[in-house]
Amino acid sequence: MKRLYDIQLIHIYGSSYFCSGKYAVGVYLDKSSKSAILVDSGPDEHSARAIDQQIADQGYRISAILHTHGHRNNYGGDRYFIERYPEVRIYSTAAALSWMTHPDLEAICCGEIPSFYKNREMPPVTDLLEERDGPLPIEGIKFKVMTLPGHVPGTVGFVSPDNVLYCGDAVFGDKILKKQSLLLYTDISEAKRTFRKLAEAEPKAYVVYHGGIYYEVSKLIDKHLGRMSQLLMLVESRIKQKPVTLEMLVKQIMAHFSLEDGLEPYSLTSHIVRAYVAELLDLDRIRARVREGTLFFEYREPNNGF
């Protein structure tokens with residue numbers, strides 16, 4: 001875990017910055033108003049305090065936080081900033097707000113016990129964003145919203161006036177790709193469309209929340225697509241061998257990648273496996289059947305027209 005003094009404010013272009021460290025929190029410093037706009041807020045109070053110190057040292061105060069999606073490590077610093085700057089505006093899509101306000105949704109979707117998440121304190125959102133591409137003026141500062149679905153519902157990115165694209169978890173950095181076997185995408189088709197959109201965007205720079213700054217993402221996207229293709233084939237091959245339940249698939253995938261037992265690895269694997277099963281169902285390569293009160297997935301032989 002990085003210490004507070006490891007977080008540094010890194011300049012990109014013009015007034016666009018990001019904070020170094022495990023999570024690349026975006027920062028825009030408006031010289032005329034001496035206000036700062038954040039893209040996401042870090043995982044917790046300690047990181048938020050370090051980010052705030054870096055910005056305050058430059059003579060700025062935080063006026064707004066733009067959220068890319070509703071995961072805890074993206075909004076965990078909100079409570080600190082709300083207490084430090086009571087007038088701060090917090091922007092989020094309605095879908096992301098649902099996950100932020102009701103974290104039990106994530107537990108239910110992953111097959112966990114919902115009460116496991118009940119002690120989280122949810123920050124308020126002051127401004128709801130529409131899930132569509134378009135301008136986002138903030139106190140006269142011309143940001144843009146870019147919809148980037150695929151990771152989780154309600155995911156968006158933000159383009160600064162300097163044409164720097166803060167893309168949250170729409171893609172993951174090389175270190176994450178080396179460290180993690182499985183990547184969290186809840187809608188595989190949407191994620192692939194987002195990859196194409198990112199490749200065609202051509203900003204001056206991309207800021208990846210789990211990865212930092214990139215000046216082009218084509219190679220990174222190719223790695224993601226390769227990883228997705230391999231996992232889709234793996235899940236399909238397991239179903240092709242014999243009908244399986246979701247629990248059986250999760251167990252097999254965890255064993256295949258040598259993942260340790262635990263709530264977090266299970267939750268992540270379950271979430272991801274569901275997405276690939278849904279993709280195979282959409283592609284009509286498998287089908288679902290209920291037998292004696294248990295849901296099974298089985299392989300569908302391709303129709304060759306005979």
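Per-structure values
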quantity: Total formal charge among the other residues, if their Cβ is under 14 angstrom from that of LEU225, Lys/Arg +1 and Asp/Glu -1; calculated: +4
quantity: Carbon + sulfur, % of accessible area of the chain - ligands and nucleic acids excluded, 1.4 Å; calculated: 50 percent
quantity: Accessible area per residue, Å², segment 14-109 with all protein chains present, probe 1.4 Å; calculated: 37 Å²
quantity: Per-selection metrics, segment 182-242 (Cα): Rg and Dmax in Å; calculated: 13.9, 49
quantity: Proximal charge balance of GLU236 [Cβ under 11 Å; K/R count +1, D/E count -1]; calculated: +3
quantity: Leading residue at positive end of dipole, segment 222-306 (Cβ point charges), from HIS256, GLN230, ASN303; calculated: ASN303
quantity: Accessible area in square angstrom per residue, segment 172-268, 1.4 angstrom probe; calculated: 55 Å²
quantity: Given charges at beta-carbon only (K, R positive; D, E negative), |dipole| of segment 183-301 in Debye; calculated: 260 debye
quantity: Ordering of 87-94, 202-209, 22-29 by burial proxy (mean other Cβ atoms within 10 Å per residue, highest first); calculated: 22-29, 202-209, 87-94
quantity: Pairwise centroid distance, computed over Cα atoms, of segment 244-298 with segment 13-51, Å; calculated: 38 Å
quantity: Helix 45-57 axis, angle to the chain major axis (alpha carbon atoms, nearest 10°); calculated: 30 degrees
quantity: Lysines with Cα under 23 Å of LYS34, excluding same-chain neighbours fewer than 8 positions away; calculated: LYS142, LYS144
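The values are calculated or read from the model by the stated rules, or taken from the named source; none is laboratory data. None of the values given here were measured: they were computed from a predicted structure. Every residue, glycine as well, gets a Cβ built from its backbone with ideal geometry; the counts of neighbours run over all protein chains shown. We work out accessible area using only protein heavy atoms, side chains counted, and drop any ligands, DNA or RNA first. Shrake-Rupley method; radii C 1.70, N 1.55, O 1.52, S 1.80 Å.
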